[in-house]
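Step one of this worksheet: look at the structure below.
Rule-based calculations on the coordinates, nothing more; no lab input. Keep in mind that this is a model prediction, so the values were computed, not measured. Positions of Cβ are backbone-derived with ideal geometry, glycine not excepted, and every protein chain shown enters the neighbour counts.
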Amino acid sequence: MLSEFQETLLQSVKAFQSTQLVKNKYENVLQNLDSGIMLFDSEGVLTFINVQMAKLMEMPRQSLIGCNLLQMLRHPHLSRFKKRRILRIYREAIFHRKKYHELIDEYGRHWLITITYGDQMDGDYLLSVKDVSDYKQIEQTAYQNDKLAMLGKISAAIAHEIRNPLTAIRGFIQLLRPHLIQLGRDEYARIILAEIDRANDIIHEFLNSSKPSAPQKSVISVSSLLKEVVLLTESEALMKGCEIHLDVMDGEMHVSIDVKQIKQVLLNIIKNAMDAIEEVDDGEHIGAIHLDAKAVGNYVHISIQDNGNGMDKGLLSRLFDPFFTTKEKGTGLGLSVSYRIIRNHRGNISVDSMKGIGTVFVIALPIVSYKDLKASGDQR
């Protein structure tokens with residue numbers, strides 16, 4: 001009888017140990033997921049949080065276990081930004097019954113939040129958070145390429161139809177100009193001709209935005225490229241009350257680019273930076289534009305940072321859209337052309353900004369390897 005009891009007890013211990021091993025194994029998997037996970041019981045008490053979620057909240061795990069929502073919001077290590085986000089998620093999940101949420105954190109990263117509850121959770125609430133910034137970037141790139149492809153299809157069809165009547169109007173105005181001079185109305189002819197020329201310039205930009213010419217590449221050092229750009233812009237910058245700073249780079253990096261096209265991109269971004277600095281309504285504000293470049297893997301990242309007026313997130317999402325502009329006399333084509341040029345160079349262009357703080361553009365271009373550099377005969 002005793003031996004039977006001992007055998008039963010031994011089996012129970014082995015079963016418990018086996019269950020504990022399985023539990024530890026699954027918990028170890030959850031702890032090392034790249035998604036953040038939190039589990040609340042039916043009373044709203046946090047019973048589990050993995051390492052990734054604790055990192056996202058920038059708080060120690062053990063200090064959160066056993067807290068309810070109110071205690072968590074009162075936690076001294078929780079930032080005000082995260083408190084607002086948690087309250088928003090709670091409101092939408094509980095009152096609006098939404099199970100999926102997307103938000104952008106204070107660092108500009110995109111997060112997908114999923115809340116699972118109901119019968120399958122036995123009254124518990126599972127909250128998971130995943131960084132989807134890369135997916136958003138791919139989605140935005142595909143969306144942008146679709147828009148530019150559509151722009152390319154319609155541009156060629158309408159450009160000549162607009163240019164032909166403009167050319168005819170310009171010719172007739174020039175024929176009528178002597179008569180307008182006799183009537184003392186030469187100013188009318190001058191304005192009409194100037195507006196026709198402006199319309200032709202817009203059409204030219206329109207065609208370039210839809211299909212920039214194929215890059216005529218040559219190898220150039222990045223420092224040489226940036227020094228040339230600074231020389232071209234520093235006098236205008238000084239006239240507009242700002243300074244351009246070029247940080248000295250460690251080591252020499254080379255890129256294979258169409259120098260004229262990439263200069264066009266850099267000059268366009270710097271011009272926008274000057275305009276943004278001018279928008280700052282502060283007599284004591286000292287405008288500054290910083291250029292630097294650094295190697296990141298097989299790419300060089302060229303950054304152009306200003307301390308201008310900055311932009312909100314809603315504006316950033318439309319920045320590379322054709323014809324979108326916040327300037328009174330802008331065409332909205334400069335950045336969409338820049339985007340296409342960089343993509344044609346197998347690079348990438350991104351932007352981050354904060355209202356009242358400033359904006360930074362980052363252009364990534366493939367670095368020419370030492371082997372290719374030795375083989376190239378057109379380096380500068």
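Per-residue Karplus couplings for region 262-273, computed as 6.51 cos²θ - 1.76 cosθ + 1.60 with θ equal to phi - 60°, are listed in order as 5, 4, 4, 5, 5, 5, 5, 5, 5, 4, 4, 5 Hz, Gly and Pro entered as x.
Charge dipole of region 219-313 (Cα centre as origin; +1 on each Lys and Arg Cβ, -1 on each Asp and Glu Cβ, all else neutral): 500 debye, rounded to the nearest 20.
Please give the peptides 291-298, 110-117 ranked by average Cβ packing (other Cβ atoms within 10 Å per residue), highest first, as a rough proxy for protection. Intermediate results must be reported in sequence, preceding the final value.
Values: 291-298: 14.5, 110-117: 16.9.
My ranking of the peptides, most packed first, is 110-117, 291-298.
Phi angles across region 74-89 convert, under the Karplus curve 6.51 cos²θ - 1.76 cosθ + 1.60 with θ = phi - 60°, into 3J(HN,Hα) values of 8, 4, x, 8, 7, 6, 4, 4, 5, 4, 4, 5, 5, 4, 5, 4 Hz, Gly and Pro given as x. For GLY287, the amide hydrogen comes within under 5 Å of the amide hydrogens of GLU243, counting only partners 5 or more places away or on other chains and with H modelled in the peptide plane. Database remark: amide H of MET253 closer than 5 angstrom to the amide H of VAL222, SER223 (H placed geometrically; neighbours at sequence offset of 5 or more, or on other chains; Pro and chain starts carry no H).
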